[in-house]
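Student: Take this structure, written in structure tokens, and hold onto it; I'll ask about it next.
The values are calculated or read from the model by the stated rules, or taken from the named source; none is laboratory data. Here the structure is a predicted model, which means the values were calculated and not measured. Cβ sites come from the backbone with ideal geometry, for glycine too, and all protein chains shown count toward neighbours. Ligands, DNA and RNA are excluded from the accessible area calculation, which covers all protein heavy atoms including side chains. Shrake-Rupley method; radii C 1.70, N 1.55, O 1.52, S 1.80 Å.
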Amino acid sequence: MERSPAGRRVLDADGHRTSADRPNDYHWWKHGVIYQIYPRSFADGSGDGTGDLQGIVSRLPYLADLGVDGLWLSPIFDSPMHDFGYDVRDYCAIHPLFGRLADFDELVDRAHGLGIRIILDLVFNHTSAEHPWFLESRSSKVSPKRDWYLWHTGRRFLGLPWRTCRRPPNNWRSGFGGSAWRLDERTDEYYLHLFLDSQPDLNWRNPDTEAAMFDQARFWLDRGADGFRLDVINYIVKDLRLRNNPYHPRLTFPRLHDQQLHLYDRNQPEAHEIVRRFRAVMDGHPETMLVGEVYPNEGCMEPEASASYLGSGNDELHLAFDFSLMETPFNARGYRKTLERWYAAVPREGWPSHVLSNHDKPRAMTRRCRGSFARARLLATLLLTQRGTPFLYYGEEIGMRDGRLRRHALRDPTGRKYWPFFSGRDRSRTPMQWTPGPNAGFCRADAKPWLPLNTDHSGRGDGRRGVNVESQREAPGSLLSWYRRLIEARRAHLELTHGSIEFVDSHRKLLVYTREYEERRVIVMLNFSRRRRSPPDGVLVAGARILLSTHGSLTEPRADAPLEPYEARVVSI
Ligand code: NOJ
């Protein structure tokens with residue numbers, strides 16, 4: 001399939017997209033905004049209560065209007081859905097719940113027509129236990145695909161009889177609970193699964209596995225996909241000697257998995273070689289990109305580990321997720337420290353990215369903003385004015401909160417297993433809220449949404465309107481309007497997309513930084529406190545003008561006026 005010329009667009013005088021030129025060094029994945037869609041939860045086109053590809057197609061005009069440049073779709077491939085698509089049975093087929101290949105083709109064509117790129121979610125670390133590769137591998141010890149997965153006879157415990165006291169090869173724990181090894185009775189050997197036992201880990205030291213997986217990726221590149229998000233890319237290679245992970249007790253969620261330092265089941269040097277080879281495949285397809293999930297030890301900030309997958313800056317991933325921003329408490333000092341550490345870790349030729357929420361974590365609106373729209377505007381401004389690619393999670397732009405789900409409504413395997421200590425990840429995956437009407441416009445009124453809707457879709461959002469697209473779209477003071485204005489400002493001011501960043505010392509409750517590009521400068525000032533605060537001395541010169549302020553109608557129009565409580569102000573010099 002011919003690659004459509006997505007990208008390269010600006011707004012015309014009426015604010016519509018045009019194909020006018022961007023600067024020569026404009027790259028959609030670098031200077032644009034990427035929006036994550038959890039396909040089950042975005043929009044239901046078929047009427048069965050579960051989101052699908054036609055649903056996404058029908059909402060493309062909304063996404064174009066919001067101004068995003070790329071969509072990352074969590075997995076849409078054929079799967080038994082034990083981990084909601086992160087257990088792939090066939091990498092080259094679409095799960096019937098989401099549609100057919102023809103729907104994917106239509107999505108790509110329509111999205112490209114609007115200048116929006118499509119990023120698919122590729123799971124390299126493991127497949128579903130129902131994948132034909134695993135069925136063959138597990139069928140016998142001499143199967144040609146035996147070595148495509150990680151098999152082991154296990155070890156003897158204290159010299160006691162083998163049959164009764166046999167143990168897994170080491171102490172590795174699955175991220176979803178229990179040992180990471182499962183004894184397979186058919187061939188009487190253990191296989192490794194760092195997630196569910198229905199998600200066996202592939203052996204990436206086998207070149208045939210690598211070649212086969214790269215072919216699956218080529219299938220989608222040839223069909224017009226513009227890039228991949230690589231699931232837990234730092235897990236793909238494991239220690240050859242299968243050494244035990246050391247224990248590292250800390251106050252986190254009470255799984256033994258989180259009490260280990262993952263020295264031997266993650267971040268092995270060979271993973272970088274594989275990523276480099278995959279990057280070479282991608283480089284054969286111009287203007288495609290790779291963003292990798294580099295999962296840290298639970299509750300830890302490890303920006304250096306994330307940055308290491310950027311290689312020298314242009315030979316491994318284009319972008320790597322660093323989750324430190326998600327872990328940072330809501331305060332100016334903390335954010336500055338986190339961001340400075342991340343910027344210092346990214347190689348000179350590399351490019352940072354920033355993310356506040358995703359389908360595995362509680363939403364920032366709940367976790368950091370405690371439901372406050374004023375705080376949400378501040379974080380939106382932080383996210384969209386940093387140096388690097390911002391990733392938005394669906395619903396973040398209207399202030400969706402985590403759902404409150406009862407035990408019987410839980411679908412996520414971790415929630416079902418650990419409830420009531422941990423209610424799992426369903427809470428941040430509730431259906432997108434489009435309207436104040438029945439089922440929030442996510443699906444037909446007579447369908448049952450796959451997860452219960454948040455009740456605030458029909459209620460009052462920031463004290464004035466509901467948490468739904470329809471109510472916020474035309475309201476100039478809404479969170480959605482604020483996101484649109486920020487994204488428009490990024491288009492209009494190359495300082496925000498291409499500029500350098502420098503933090504400015506100020507009151508400890510203020511976060512202030514400048515973005516500079518070719519003699520032009522903007523200053524971003526974020527007031528993280530409930531009091532008015534004066535901007536720092538010396539950064540605002542005469543003639544400075546407010547480009548954007550969350551308190552536009554309340555403050556004096558002077559750029560150097562004190563910032564109102566929780567005000568975000570962007571000033572142009
Ligand atoms: C990370 C994904 O983000 C998560 O949703 C999934 O459960 C695990 N990887 C396993 O694939």
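Student: Look at segment 279-292 and say how many of its residues are surrounded by fewer than 20 Cβ atoms within 10 Å (Cβ to Cβ) and within 16 Å of the ligand (Cβ to nearest atom).
Tutor: Going through segment 279-292 one residue at a time, the tally reaches 0.
Student: Could you check, for segment 152-163, whether at least one of its residues is within 24 Å of Phe278 (Cα to Cα) and in contact (Cβ under 8 Å) with a residue 40 or more places away in the chain? Write out each step before concluding.
Tutor: If we filter segment 152-163 for residues that are within 24 Å of Phe278 (Cα to Cα), which is where we start, we get none.
Scanning segment 152-163 turns up no residue that is within 24 Å of Phe278 (Cα to Cα) and in contact (Cβ under 8 Å) with a residue 40 or more places away in the chain.
Student: Only one of these is modelled with pLDDT under 95 and either open to solvent by 50 Å² or more (accessible area, probe 1.4 Å) or over 22 Å from the mean Cα position of the chain (by Cα) (or both): Arg276, Arg218, Arg243, Arg250. Name it. Can you show your working first?
Tutor: Working: Arg276 fails: modelled with pLDDT under 95; Arg218 fails: modelled with pLDDT under 95; Arg243 fails: modelled with pLDDT under 95.
Just a single option satisfies the conditions, and that option is Arg250.
Student: Identify, from the list Asp48, Asp44, Asp65, Asp78, the residue that is at pLDDT 95 or above, touching a His at 6+ places or on another chain (Cβ under 6 Å) and open to solvent by 10 Å² or more (accessible area, probe 1.4 Å). Lay out the reasoning, then the answer.
Tutor: On the way: Asp48 fails: touching a His at 6+ places or on another chain (Cβ under 6 Å); Asp44 fails: touching a His at 6+ places or on another chain (Cβ under 6 Å); Asp65 fails: touching a His at 6+ places or on another chain (Cβ under 6 Å).
Matching residue, one of Asp48, Asp44, Asp65, Asp78: Asp78.
Student: Next up: With Leu356, Leu410, Leu384 as the choices, which residue is within 16 Å of the ligand (Cβ to nearest atom), among the hydrophobic types (A, V, I, L, M, F, W, C), over 21 Å from Ser458 (Cα atoms) and within 19 Å of the chain's Cα centre (by Cα)? Full working, then the answer.
Tutor: Details: Leu410 fails: within 19 Å of the chain's Cα centre (by Cα); Leu384 fails: within 16 Å of the ligand (Cβ to nearest atom).
Exactly one residue qualifies, and that residue is Leu356.
Student: Tell me which residues, restricted to segment 377-402, are assigned to a helix (DSSP H, G or I) and open to solvent by 10 Å² or more (accessible area, probe 1.4 Å). First the steps, then the outcome.
Tutor: Kept after step one, since they are assigned to a helix (DSSP H, G or I), are these residues of segment 377-402: 377-384, 396-398.
Those that are assigned to a helix (DSSP H, G or I) and open to solvent by 10 Å² or more (accessible area, probe 1.4 Å): Arg377, Glu396.
Student: If you go through segment 221-232 one residue at a time, do you hit one that is open to solvent by 20 Å² or more (accessible area, probe 1.4 Å), closer than 18 Å to Phe278 by Cβ, of a type in the set (A, V, I, L, M, F, W, C) and modelled with pLDDT of 95 or more? Spell out the reasoning first.
Tutor: If we filter segment 221-232 for residues that are open to solvent by 20 Å² or more (accessible area, probe 1.4 Å), which is where we start, we get 222-223.
Narrowing further to those that are closer than 18 Å to Phe278 by Cβ: 222-223.
Keeping just the survivors that are of a type in the set (A, V, I, L, M, F, W, C) gives none.
Within segment 221-232, none of the residues are open to solvent by 20 Å² or more (accessible area, probe 1.4 Å), closer than 18 Å to Phe278 by Cβ, of a type in the set (A, V, I, L, M, F, W, C) and modelled with pLDDT of 95 or more.
Student: Still on this structure, please answer the following. What number of residues in segment 338-372 are part of a helix (DSSP H, G or I) and either buried (at least 22 other Cβ atoms within 10 Å of the Cβ) or basic (Lys, Arg) (or both)? Working first, answer last.
Tutor: Filtering segment 338-372 for residues part of a helix (DSSP H, G or I) gives 338-345, 364-367.
In the following step, the residues that additionally are either buried (at least 22 other Cβ atoms within 10 Å of the Cβ) or basic (Lys, Arg) (or both) were identified as 339, 341-342, 364-365, 367.
Residues flagged as part of a helix (DSSP H, G or I) and either buried (at least 22 other Cβ atoms within 10 Å of the Cβ) or basic (Lys, Arg) (or both) within segment 338-372 amount to 6.
Student: Residues in segment 134-148: is at least one open to solvent by 30 Å² or more (accessible area, probe 1.4 Å), within 16 Å of the ligand (Cβ to nearest atom) and within 36 Å of the chain's Cα centre (by Cα)?
Tutor: Taking segment 134-148 first, the residues open to solvent by 30 Å² or more (accessible area, probe 1.4 Å) are 135-136, 138-142, 144-145, 147.
Next, only the ones that are within 16 Å of the ligand (Cβ to nearest atom) stay: none.
No: segment 134-148 contains no residue that is open to solvent by 30 Å² or more (accessible area, probe 1.4 Å), within 16 Å of the ligand (Cβ to nearest atom) and within 36 Å of the chain's Cα centre (by Cα).
Student: Which residue, of Leu511, Leu480, Leu548, is modelled with pLDDT of 95 or more and under 26 Å from Val346 (Cβ atoms)? Please lay out each step first, then the result.
Tutor: Values: Leu480 fails: under 26 Å from Val346 (Cβ atoms); Leu548 fails: under 26 Å from Val346 (Cβ atoms).
That would be Leu511, the only listed residue that is modelled with pLDDT of 95 or more and under 26 Å from Val346 (Cβ atoms).
Student: Still on this structure, I have one more. Yes or no: segment 100-121 includes at least one residue that is open to solvent by less than 20 Å² (accessible area, probe 1.4 Å), part of a loop (DSSP other than H, G, I, E, B), within 16 Å of the ligand (Cβ to nearest atom) and under 23 Å from His82 (Cα atoms).
Tutor: Looking for residues that are open to solvent by less than 20 Å² (accessible area, probe 1.4 Å), part of a loop (DSSP other than H, G, I, E, B), within 16 Å of the ligand (Cβ to nearest atom) and under 23 Å from His82 (Cα atoms), one finds none in segment 100-121, hence no.
Student: Is it the case that segment 208-230 has a residue that's in contact with a Leu (Cβ under 6 Å, 6 or more places away or on another chain) and within 16 Å of the ligand (Cβ to nearest atom)?
Tutor: yes
Student: Does Arg427 fit the bill of being modelled with pLDDT under 95, within 30 Å of Leu256 (Cβ to Cβ) and not assigned by TED's automatic domain parsing to the domain that holds Thr514?
Tutor: On the way: modelled with pLDDT under 95: no; within 30 Å of Leu256 (Cβ to Cβ): yes; not assigned by TED's automatic domain parsing to the domain that holds Thr514: yes.
Taking the combined requirement at face value, the residue does not satisfy it.
Student: Follow-up. So which strands (runs of 3 or more DSSP E) stay within segment 498-558 end to end and still have 3 or more residues that are closer than 22 Å to Gly388 by Cα and open to solvent by 80 Å² or more (accessible area, probe 1.4 Å)?
Tutor: The strands (runs of 3 or more DSSP E) meeting that bar number zero.
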